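Notes for the one structure printed next.
The values are calculated or read from the model by the stated rules, or taken from the named source; none is laboratory data. Remember, it's a predicted structure, so these values are computed and weren't measured experimentally. With ideal geometry, Cβ positions are generated from the backbone for all residues, glycine too; neighbour counts draw on all protein chains shown.
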Amino acid sequence: MNVQQLQTDLIEYARSIGVDKIGFTTASPFNELKNRLKRQQELGYQSGFEESDIEKRTEPLRLLDSAQSIIAIALAYPSKMENAPTGKKGERRGIFARASWGIDYHVAVRERLQLIEEWLEQRVPGVKLKSMVDTGELVDRAVAERAGIGWSGKNCSIITPEFGSYVYLGELITNIPFEPDEPIENECGDCTLCLDVCPTGALVQPGQLNAQHCVAFLTQTKDFMPDEFRGEIGNRIYGCDTCQTVCPKNKRKFNWIHDEFKPDPELAKPLLKPLLNISNKEFKSKFGPMSGSWRGKKPIQRNAIIALAHFKEQDAVPDLVELMKKDERPVIRGTAAWAVGKIGGPLAEQALRTALEKEKDVEVLKEIEKGLLLIKS
C-alpha cells in the first residue's frame, strides 16, 4: 500500500464531499492536554457533558488498540444571517448561537466521516477505524490543533486562517500510518478581546474556560438559572457567540458555503412568546433538526422567559402569569414568577401574591419572593 498516494487521494476525496479542511496527526497520547484536563476537573470547571474518563480523552490507543494516526476534518459554518428579522416591542425575539443554525452539525459531520470510512474500507483491506464528533471520547479541538487544522485561541476555539473559528470538527482514528501535518502557529498575539467581553467572566485566562459559568453551557442546563447569571443571558436561548464575534480573526469570515448550515431566520431568531406554550410535538417538528434542540424544550422555554424579562416585555406578563399558575414544571413556574416581578406592571404584584398563597413547591416559592422583591426595588 502506497500510504503517501492514499493520503493525497483522500485529501482530494474529502474536498469532493464537502470537507473544508483535513489534517493528519499521530495516535500518540495528548500528554499536555491530560494535565490540563486533570486541573480543570480539580477546579470544577468541566461542564459534565464531556467524557469523564481523562485517559480515554487523551490516549487514542485506548479507543483503537491498533491506532497509528488520526484524521481531523473541519466544516465551515456561516457567521452571518441573510434577511434576519428584527425584534420589537410586542414581538421580541431570541437567538440561537450560530453553531445551531441549519441542520444539526453532528449529523452533517458524521455523514462526511462515514463516507471517508467507506472510501478507506474500499481501498485498504482490514483497515481499522473509529470516528467521532463532539460527543466522542477525544477532545476535538486538541486533535484539530495537532493536525494543523487551526490554532487553539484564547477563547478555547480552534481558529483557522480560512474560516476563522466558525468550524465544526470531527476526527477518525485509524491503523493507517498517515504522514502527520505540522501544527499552525498561534496568531492571537497580545489580543484579549474575547476575555474582556465574556459576559460572565467564564474565560478565566487565555485558553482556560470555567464551563460552569459559560453562557453557552448555562443555556443548556435544565434547572433554575443561578441568580448571578440571569442578567447576562440577554435574549440568548441557546449558546453564546460573544467570544467569537469580537475575534479579529473572524472579521469578514461569512462562510456561506454549505446550504445545510444556512439558517431559517424564523428558527434561528424565533419569536419568544410562542415558545412559552409550544407543545412537545411542535417543538420537535420545528426545532428538532437543529443541534440546539438536543436538551428538549424546557431549557429553551426557561431561557425565553428570562429573555422576556430582559426586554421587560409587558405584553408577555399575562402569558407568564398563566405559566406561573398552571405549568407542571417547577423550574418554569418559578422562572416565570421571577420574570413577572422583573417586568413589573399593574398585573404583576397581585398575580405574585395570589401565587404565593397557592404554591406548594419550596423552590418556586423562593422565586415568587424574589419577584415580589424586584417589584419593590
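Structure notes:
- Glu179 crowded, with 19+ Cβ neighbours inside 10 Å, part of a loop (DSSP other than H, G, I, E, B) and charged (D, E, K, R): no
- Summed over the range 23-45, the residues that are surrounded by fewer than 18 Cβ atoms within 10 Å (Cβ to Cβ) and assigned to a loop (DSSP other than H, G, I, E, B) give a count of 3.
- Hey, Lys130 surrounded by fewer than 21 Cβ atoms within 10 Å (Cβ to Cβ), touching a Phe, Trp or Tyr at 6+ places or on another chain (Cβ under 6 Å) and modelled with pLDDT of 95 or more or not: no
- Matching option when the condition is modelled with pLDDT of 95 or more and touching a strand residue (DSSP E or B) at 6+ places or on another chain (Cβ under 6 Å), among Leu276, Leu195: Leu195
- Single residue of the range 128-171 satisfying the filter (among the hydroxyl-bearing types (Ser, Thr, Tyr) and not in a loop (DSSP other than H, G, I, E, B)) that is farthest from the chain's Cα centre (by Cα): Ser131
- Qualifying residues in the range 88-127 (those that are in contact with a strand residue (DSSP E or B) (Cβ under 9 Å, 6 or more places away or on another chain) and assigned to a loop (DSSP other than H, G, I, E, B)) - the one nearest to Ser66 (Cα to Cα): Val127
- Residues (buried (at least 18 other Cβ atoms within 10 Å of the Cβ) and under 25 Å from Tyr166 (Cβ atoms)) located in the range 263-283: Pro263, Ala268, Lys269, Pro270
- When Lys251 is tested against (1) surrounded by fewer than 22 Cβ atoms within 10 Å (Cβ to Cβ); (2) within 19 Å of the chain's Cα centre (by Cα), exactly one condition is not met: (2).
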